[in-house]
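Undergrad: There's a structure below that I have some questions on.
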Amino acid sequence: MKRILPFIMIAAGASLWGIIGLFVKGLASAGFTSMEIVAIRAVFAVLFLLLIGFVHYRKEMKLHAVGDVRYFLGTGICSIVLFNFCYFTTMSEMSISMAVIFLYTAPAFVTILSFMFLKEKMTINKIIVVIMTMAGCILIAGLALGESQITILGIITGLGSGIGYALYTIFGKFALNRYSPFAVTFFTFVIAAAVLIPITSLWEKITLFRQTDVLLLSVGLGLIPTVLAYILYTKGLEKTEGSTAAVISTVEPVVATIMGILLFNESLVWLQVVGALFIVGSVVVVNLPQKKRKRYAIDEFTQ
């Protein structure tokens, strides 16, 4: 049991990411915009991270130098804000399953950006990943534009969510040279919340939080598919190779698709299923054994 427990924790964390659409759809129907929902997620995540930090990680909740803020401006604004806004907008434009499938284009963008900015080598596996991802997007988007579930805006924001997720990995790697995974996550959401609150003027809708369902959805969004998912995933990652964890995490689009079908009457045509398999399969390919890779918990945390 001890041997498979880390695998179970990783799968559980990824599954919690997969149900994020439940909270997003609920808050959207309550009258919140995509950007406001991003702000709600960031604010409630910070509240929970503060509680956890004061109990277990007090020493890690301090900046080593003022100049280090630049790392978290990258993870917080260029990634978290962009990624969540695009991801939640895609959910409003298309089905939850389509949104999470487009999110999984991130490995291809990580491959390209790492080659450009981190000077990482472009291997055969990585080239295959980019090709598989492009093929998957063409099958899902290009051949299905006539369907009501697919929109141009949804495709653009879907790819934007993949880019935003990829940027988290790039900026996160620089930040991890000086900070722990918890510290990076904490400061990332602090910066995101600090930027989003004034931009969205969230206080103007403070009366909506008096509604029990809105408050529960907000608390749930910050806790379940964010903080709790991160804790489970990271704990499992401590005793699991990063490549194995990445493959296990592909349970996320499966859970999202099942939830979309059961709760929101969503459906996928066979061409979209094939495209989805190409994209999810690319995650497996990019993690096929090559050289022993250093594990970065931050690489796998998204959402």
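Undergrad: Running Debye on region 42-121 with equal point scatterers at the Cα sites and no solvent, what base-10 log of I(q)/I(0) appears at q = 0.12, 0.16, 0.23, 0.24 Å⁻¹?
TA: The computed values of log10 I(q)/I(0) come out as -0.56, -0.90, -1.11, -1.12.
Undergrad: Cα-Cα over 25 Å: which of Lys121/Lys173; Lys62/Lys126; Lys25/Lys62? Write down the numbers at each step before the final one.
TA: On the way: Lys121/Lys173 16 Å; Lys62/Lys126 37 Å; Lys25/Lys62 35 Å.
Cα-Cα > 25 Å for Lys62/Lys126; Lys25/Lys62; rest within.
Undergrad: A further question on this structure: In a GNM of the chain with a 10 Å cut-off on Cα contacts, which of Phe174, Phe182, Phe209 has the highest mean-square fluctuation?
TA: Phe209
Undergrad: Rounded, prolate or oblate: which one fits region 81-204, using the alpha carbon gyration tensor with axes a ≥ b ≥ c (rounded when a/c is under 1.5, else prolate when a/b beats b/c, else oblate)?
TA: Cα axes put region 81-204 in the oblate bin.
Undergrad: Something else: Mind giving me the nanometre distance, one decimal, between the label points for Val219 and Thr244, set 7 Å out from Cα along Cα→Cβ?
TA: If labels sit at Val219 and Thr244, their model points lie 3.7 nm apart.
Undergrad: Hand me the chymotrypsin sites (Phe, Trp or Tyr not before Pro) from region 1-77 located in a DSSP loop with no more than 16 other Cβ atoms within 10 Å, in residue order please.
TA: Details: sites: Phe7, Trp17, Phe23, Phe32, Phe44, Phe48, Phe54, Tyr57, Tyr71, Phe72; in loops: Phe32, Tyr57.
Sites meeting the loop and neighbour criteria: Tyr57.
Undergrad: How much length would be gained if the chain were fully extended between Phe54 and Asn125, taking 0.36 nm per residue of separation minus their Cα-Cα distance, in nm to one decimal?
TA: Working: separation 71, 0.36 × 71 = 25.56 nm, distance 4.25 nm.
Fully extending the segment from Phe54 to Asn125 adds 21.3 nm.
Undergrad: Out of Cys86, Pro107, Phe72, whose Cα points farthest toward the positive end of the dipole of region 37-129 (charges: +1 Lys, Arg; -1 Asp, Glu; placed on Cβ)?
TA: Phe72
Undergrad: With a ≥ b ≥ c the root eigenvalues of the C-alpha gyration tensor of region 1-140, is it rounded (a/c under 1.5), prolate (a/b larger than b/c) or oblate? Write out the running numbers ahead of the final one.
TA: Working: a/c = 1.41, a/b = 1.14, b/c = 1.23.
In terms of gyration-tensor shape, rounded.
Undergrad: By per-residue mean of other Cβ atoms within 10 Å, what is the highest-first order of 195-202, 76-83? Walk me through the numbers before you get to the answer.
TA: Numbers: 195-202: 15.6, 76-83: 22.8.
Ranked from most to least packed, the peptides come out as 76-83, 195-202.
Undergrad: To continue, here is another question. Can you tell me how much longer the chain between Gln211 and Ile261 gets when fully stretched, taken as 0.36 nm per residue apart minus their C-alpha distance, in nm with one decimal? Could you put the intermediate results ahead of the total?
TA: Working: separation 50, 0.36 × 50 = 18.00 nm, distance 2.76 nm.
Extra length from Gln211 to Ile261 when fully extended: 15.2 nm.
Undergrad: Let me ask another. Given the -39500 (n - 2.57) contribution per DSSP H run of 4+ residues, what per-residue ellipticity at 222 nm results for the chain, rounded to the nearest 500 deg cm²/dmol? Walk me through the numbers on the way to the answer.
TA: Working: 16 runs with 204 residues, N = 303.
The per-residue figure over the chain is -21000 deg cm²/dmol.
Undergrad: From the phi of every residue in region 60-71, what ³J(HN,Hα) in whole Hz does the Karplus formula 6.51 cos²θ - 1.76 cosθ + 1.60 yield, where θ is phi - 60° and glycine or proline is x?
TA: 8, 9, 10, 6, 6, 7, 4, x, 5, 4, 4, 5
Undergrad: Scan region 13-80 for trypsin sites (Lys or Arg not before Pro) in coil per DSSP, keeping those whose Cβ has at most 13 other Cβ atoms within 10 Å, and list them by number.
TA: Working: sites: Lys25, Arg41, Arg58, Lys59, Lys62, Arg70; in loops: Lys62.
Sparse-neighbourhood loop trypsin sites (Lys or Arg not before Pro): Lys62.
Undergrad: So, one more: Toward the positive end of the charge dipole of the chain, about the Cα centre and with charges on Cβ (Lys, Arg +1; Asp, Glu -1), which of Gly275, Leu208, Phe186 goes farthest?
TA: Phe186
Undergrad: Further question: Would you please calculate the Kirkwood hydrodynamic radius of the chain over all C-alpha pairs and express it in Å, rounded to one decimal?
TA: Numbers: mean 1/r = 0.0516 Å⁻¹.
With all distinct Cα pairs of the chain included, I get 19.4 Å.
Rule-based calculations on the coordinates, nothing more; no lab input. These figures come from a predicted structure and were not determined experimentally. When we count neighbours, we look across all protein chains shown, and the Cβ atoms used for this are built from the backbone with ideal geometry, even at glycine.
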